[in-house]
Amino acid sequence: MATGALGCGALLGGVKPLTLDELQAKAKAFHETIEAPPFERTPEAIRRSVSETLSAADKALDRIGARKPSEMTFENTVRAIDDTLYKAGLSANRFAIIKDTHPDPAMRQAATEAIKRFEQWAVGVEYREDVYRAVKAVAARRPKLEGEDAKFLEETLRDYRRAGFELPKKDREEVERLRKELADLGTDFENNILKTRRPLEFTRKELEGVPESFLESKGIRSGANTYTILANVTYHYLTVMENARLEATRRRLCEARFRLAMEDNLPILQRMLSLRRRIASKLGYATWADYVIEPRMAGTADRAREFCLKVRDGLEKRFRDELELMRRMKVRDTGEAAARIRIWDWRYYANRIKKENYQVDAEALRAYFPYQQALRGLFETAGKVFGLRVVPVKPPYKWVEDLQLVAVLDAETDEPLGLLYLDMFPREGKYNHFAQYGIIEGKLRPDGLYQRPVAALICNFPAPQPNRPSLLQHDEVETLFHEFGHALHTILTRAKHARFSGTSVPRDFVEVPSQLLEEWAWNRKALDSFAADYRDPSKKLPPDILQKLKAARLATIGSFYRRQMGFALTDLALHMNWKEEEDPARLANYVFGDAFLPPPERSAFVAFFGHLVGYDASYYGYGWADAIVADIASVFEKSPKGFFDADLGRRLRREIYEQGDSRPVEVSIRKFLGRDWNLDAFFRKNGIEPPR
């Protein structure tokens, strides 16, 4: 086992592991249940599982639709639908994990086919007239419902309207057909991103400035003086783009990255945009963005775009000042008085600003952030803030050898709250970014037991090497906190119904719990608990380094958010302004370049922009969530106990993390803040006076 790989006992430094039987015994005391998912082990098992799952669900829905209207109640109809879809969804969640993580291509392919089949079925379920009539019959009887139950019925009826049930049957059937085609295309688009591979060979001279530790990593050196950099692997891309001194190297890698999956995905994107536009028009919406955003916090596409423009314009002066500083550095490097900052330059010069102006060398700081220490520090921090305890558990099944499993418990009552799988390092065929996957959602089951959740973190941190552990940059520590924030949102839920459980919230709110946890990655007390040189643990993170990191981050904050708003405005433009037969790459490059920096010529970053499936017309939600997070964080900042105010932490857990969407998220925010949220704290946090 390589240095830094974790055995079950080593994961939390001697914390005694629990067995699943022990966890289940604890759960029973709270009238709950907790269990590991029964992952399929062969392609045949996947194919059999999807067939059995959909057959059982169809039979259950048949029974619901066959009842006499006089016999239909909220419990045996609306709630029973949720129970049925929940059971089917558990299989789909397992298939998603297998598709994105399994080492065996045959397993990944079988899971992909199963997901396609499931998504086709799921769209079809939305258009079952017998089930719709059953829900309408319950609503017609005006049952006395309160809270989460009332919200459930109201939103179920809203979803039927959005599916087209107020349209003539012929039009509704066309919408169903188009949505099924769209679901298939979305799976293909994501798979093309997952499968695309673009190796580039460079000499050592061409990679001048790139850390030796990276170049000596497994798989990088491909010859006596050649190194293979994978443009499709984010870790490779960022390391070279931030450190390579030669502009030609940065340009070549950037152009390769911005052209990933072009041939395969541009035709698919064109078709997806066309289908989305037709569906929205059929349903009576001006644009797909208006359709998507209607049930979210922003409510309308215009409000979402207005938010993006307000942030973009508020950062204009800061952004221009940063670009000029970078440009002057490039002039010094090149001797060209008219030098300009290109899209392939900004990461390198942003990193140079950190190194030269703030003495922050992100690569050198890796020594202070060994993955295992960072993970332990994260768990300890969450424990202190939220009142939790994290313990290792022996997984009953591993799809890869270095997989880990932990349980999250309430520190005071010992109630098991959920399980979390950790698949943290890159490998061939694996999903190549960072994400949290819900596997078993929290829900009150028909037998009266509460099902505690199971989640997984699927990440791609630098892998451990024979002579050193996995070492993280500080921004990767921030990513670790972020993804665990999503996991806590899943695991801490108390929602009664699966559709409101954990991260099943409006898409422009879903990043709030994850981005909130990032605040502790910038907290001195939290970092001091784990940041130490792996070669000599007595050497802690230098006392002044955090202030330098914060100053360095602020020094390029305009670039960061202008790029983010570039993605958000591009996403909205594609779903508000795109015209049939127009080249989506051309529109995307124009909008993104106007907000940030022009992409390379003849490139199409949108072909590799996975957020266009699932996050379509919703990328603005990252910035939207950042603004809410800044407002919530300001409450901790004003507390004498700061970010380790346990009372505030418990309130945050209770009002934000546990609620899911069981009540309007605006209510949850108001319950924590004591008022409505606004943008003031966001601008002040970033050193800008709030615009009026």
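The values are calculated or read from the model by the stated rules, or taken from the named source; none is laboratory data. All values reported here derive from a predicted model rather than from experimental measurement. As a convention, Cβ positions derive from the backbone with ideal geometry for all residues, glycine included, and neighbour counts pool all protein chains shown.
The table that follows gives values for the structure above.
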| item | result |
| --- | --- |
| Candidates Y615, Y619, filtered to the one that is closer than 25 Å to F434 by Cβ and in contact with a His (Cβ under 6 Å, 6 or more places away or on another chain) | Y619 |
| Flag for T187 being hydroxyl-bearing (S, T, Y) and either modelled with pLDDT under 95 or closer than 21 Å to L612 by Cβ (or both) | yes |
| Tabulated pairs, region 643-671, first under 17 Å from L378 (Cα atoms), second surrounded by fewer than 15 Cβ atoms within 10 Å (Cβ to Cβ), C-beta under 8 angstrom, 6+ apart or interchain | F643/K525; F643/E637; F644/K525; D645/S639 |
| Residues being of a type in the set (G, A, S), closer than 30 Å to E190 by Cβ and free of Cβ contacts under 8 Å to residues at least 24 places away in the same chain - total across region 51-105 | 2 |
| Complete set of residues in region 458-474 that are buried (at least 21 other Cβ atoms within 10 Å of the Cβ) and assigned to a strand (DSSP E or B) | I458, L471 |
| Some residue of region 96-113 being touching a strand residue (DSSP E or B) at 6+ places or on another chain (Cβ under 8 Å), closer than 21 Å to Q436 by Cβ and not β-branched (V, I, T) | yes |
| Residue count, region 380-422 (criterion: among the hydroxyl-bearing types (S, T, Y), closer than 30 Å to I98 by Cβ and surrounded by fewer than 22 Cβ atoms within 10 Å (Cβ to Cβ)) | 1 |
| Hey, R172 in a helix (DSSP H, G or I), more than 22 Å from I279 (Cβ to Cβ), touching a residue at least 24 places away in the same chain (Cβ under 8 Å) and more than 28 Å from the chain's Cα centre (by Cα) or not | no |
| D83 vs. criteria of a type in the set (D, E, K, R), under 24 Å from L492 (Cα atoms), touching a helix residue (DSSP H, G or I) at 6+ places or on another chain (Cβ under 9 Å) and assigned to a helix (DSSP H, G or I) | yes |
| Condition met for V331 (within 22 Å of P598 (Cα to Cα), in contact (Cβ under 8 Å) with a residue 60 or more places away in the chain and part of a helix (DSSP H, G or I)) | no |
| Index of the failed condition, Y622 passing every other in (1) surrounded by 18 or more Cβ atoms within 10 Å (Cβ to Cβ); (2) at pLDDT 95 or above | (2) |
| Residue match in region 305-322 (condition: within 28 Å of the chain's Cα centre (by Cα), within 16 Å of A568 (Cα to Cα) and assigned to a loop (DSSP other than H, G, I, E, B)) | yes |
| Unique match (being part of a helix (DSSP H, G or I) and in contact with a Pro (Cβ under 6 Å, 6 or more places away or on another chain)) among L269, L238, L253, L275 | L269 |
| In region 202-219, residue nearest to A607 (Cα to Cα) [restricted to those that are modelled with pLDDT of 95 or more and in contact with a helix residue (DSSP H, G or I) (Cβ under 7 Å, 6 or more places away or on another chain)] | F202 |
| Test: residue in region 117-140 that is over 24 Å from A36 (Cα atoms) and not in a helix (DSSP H, G or I) | yes |
| Yes/no for S668 being surrounded by 18 or more Cβ atoms within 10 Å (Cβ to Cβ) and in the same structural domain as A435 (by TED's automatic domain parsing) | yes |
| Residues that are of a type outside the set (A, V, I, L, M), in a helix (DSSP H, G or I) and at pLDDT 95 or above, drawn from region 582-610 | P584, R586, N589, Y590, F592, G593, D594, F605, F608 |
| Region 252-276 residues that are under 19 Å from L194 (Cβ atoms), paired with ones that are of a type in the set (D, E) (beta carbon under 7 Å, 6 or more apart) | I268/D188 |
| Counted residues, region 175-210 - those being aromatic (F, W, Y) and outside any helix (DSSP H, G or I) | 1 |
